[in-house]
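Some notes on the structure that comes next.
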Amino acid sequence: MVELAFNNKTINKTPKNRFLPREWMEEEIVTLNNEPSEEPWCSSCHNFTDYKRKWITYPRADLDGGTYSETVEVPHCVHCGSVMFDLSNCRKFVWGVRLCAYAFLIVVSLLCFFLFDITATGMTIWFLCLLVTILLCKLPVKSREALQSHSDYQKLSKLSS
Ligand SMILES: [Zn+2]
């Protein structure tokens, strides 16, 4: 409360901000903190271990057909040295891939069962597409491993407490 009142006083005192519209004042606030809200997870140690950040350079393609290198900050586990994962990104990636796979299966099912007559060939194609969907869902191996080890860790910590 005290801090809020102090902040209100300082804003009111500065003549520059006094007559600015509210939207303009909100635009002035720039968040410089790009740190992830969640700690990185180590799949090998099965814990939120201490980490150090390493810079890794990846080649990227630009719109002109050329390439450029992009440097990305990747957390590495201090104990085992393996790459650590941001669990929220893993969740988004796994669900994105699953949504694409399910959408693919829905389209194929509509084609095989409603657009064309049900035949042995159509059923074979649908079955092959079902296998492709299952394989697509299994594709983000590292992300799924990280999420699985994190859920195991949560179950263990619930049991021990
Ligand atoms: Zn580790």
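Points worth noting:
- If only residues of segment 36-91 that are within 16 Å of the ligand (Cβ to nearest atom) and among the aliphatic types (A, V, I, L, M) are counted, the one that is farthest from residue 141 (Cα to Cα) is 78.
- Condition check for residue 14 on (1) modelled with pLDDT under 90; (2) closer than 30 Å to residue 155 by Cα: one failure, at (2).
- Filter result for the condition that a residue is surrounded by fewer than 10 Cβ atoms within 10 Å (Cβ to Cβ), closer than 22 Å to residue 44 by Cα, away from the ligand (no atom under 16 Å from the Cβ) and among the hydrophobic types (A, V, I, L, M, F, W, C), over 94, 141: 141
The values are calculated or read from the model by the stated rules, or taken from the named source; none is laboratory data. The shown structure was predicted, so the numbers you read here are calculated from the model rather than taken from an experiment. Don't worry about glycine lacking a Cβ; one is built from the backbone with ideal geometry, like all the others, and counts go over all protein chains shown.
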